[in-house]
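**Q** I am attaching a structure below and will ask some questions about it afterwards.
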Amino acid sequence: MSIDHNRIKVSDLETNQPNKILTTNSHGELEFSDINNIKVDNYNNLDYTIEGKALDARQGKILKDSIDTLNVSLSGKENVNNKAQDIEINKNSISLFPSVKAIYDWATGLFSTWILGIENISSTTYTLNIANINKRTVFSSTNPITLTVPSNSLVSIPIGTKKEITQKNGGSITIGGTGITFVTNIPLTMTAGETRTLTKIGLDEWTIEGSSINGSKRSFSITFAWTGTYSANAGAYMPDRESGNLHSPTMSINNPSQGFAVPFKCKLKAAIHAGNALGSSDLTLYVFKRPLQSAGSTTIAASKSIIGTYSGGRSFPFSYGTEINDSVIWNLGDGVTFGFLNPTTSTGIWRTPSLTLYFEEEF
């Protein structure tokens, strides 16, 4: 093979033409070519794995944009210093974030409060806690049982928690708790065969649902009857002292075994006065609550003003909610008494007066 065509004179290299490069043509002959016409063997995708291919400028731009996007994404990644595992404590935070395990543990703990297991209890005291709120507790004691709901400061039971309790034997169960408000219209005491559902609706608020075998409320009445003479006085007379004193008329009660103490927690629901008060004018009748073992402290539970002298056996009912204070509650053993005030009449004589009070159990 002749190689003469590859011999180049020095004069051929001294043409002083810019942007020229020495290449071989299709016949293998050396010749000068314009550098701008050189073909580059390239590939316009970023997934090529064989060496020798050049990266197109357009793909270089795509690569740069991808790197920029990744850097932005990395700069916005959550700071691991803001990771918090206790969801309940940090539930109001907008910057902290939990792990997947923390979310799982919190969710299973929350929803497990209504996946009931059965817990059989024979003791006579019981306190709700985190370990037993997801169970139905069945009591079997024949003795009285005390069930305590702890305040939120003592045991932080999640709001929305439900707890079921059942008594299958004869011991009465009394539900209570210091600082706890129970929202219910059924008794806090339950007997054999009854079930209650307790639901936490606030930090220290619980509802109680269920049916009561003894669902009807108990009630009782007291009738006061007195005789005597009275005179004007700036304070109310309370005829519960010695008889024979003009300022403390003789008084009797229809049920001596009750005396003045109420037999259970209750409210005054109705009151009616009947009889004669000759010589009286602008008379006011009062019903007083006296707390247990507190001789000097009284609360006005009801009052009714009667204008002018009256006789002929008239009756005067008290209006509930206005003349009867519907917020006054008697607890077991609290006392009931009454009084009257007539500041303008110098002398008066009672003729067959009475005051009948009707009480109803308060849960």
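**Q** Restricting to region 149-171, name every residue that is among the polar types (S, T, N, Q) and touching a Leu at 6+ places or on another chain (Cβ under 7 Å). So that I can check it myself, show each step before the final result.
**A** Initially, region 149-171 is screened for residues among the polar types (S, T, N, Q), giving 151-153, 156, 161, 166-167, 169.
Passing the criteria: only 152.
**Q** Only one of 147, 128 is under 17 Å from the mean Cα position of the chain (by Cα), modelled with pLDDT of 90 or more and of a type in the set (A, V, I, L, M, F, W, C); which?
**A** It is 128.
**Q** Kindly indicate whether residue 335 is modelled with pLDDT under 70 and either surrounded by 19 or more Cβ atoms within 10 Å (Cβ to Cβ) or on the phi > 0 side of the Ramachandran plot (or both).
**A** no
**Q** Condition first: modelled with pLDDT of 70 or more and β-branched (Val, Ile, Thr). Now tell me which residues in region 5-38 satisfy that.
**A** Correct list: 21, 23, 24.
**Q** Any residue in region 71-83 that is assigned to a helix (DSSP H, G or I) sitting within a Cβ distance under 8 Å of a residue that is modelled with pLDDT of 70 or more? List the pairs, counting only those 6 or more apart or interchain.
**A** 82/95; 82/96; 82/97
**Q** Go through (1) farther than 30 Å from residue 138 by Cβ; (2) modelled with pLDDT of 80 or more; (3) of a type outside the set (Gly, Ala, Ser) and name the single condition residue 80 misses.
**A** Unmet condition: (2).
The values are calculated or read from the model by the stated rules, or taken from the named source; none is laboratory data. Computed from a prediction, not measured in an experiment: that's the story for all the values here. We place every Cβ from the backbone using ideal geometry, glycine too, and count neighbours over all the protein chains shown.
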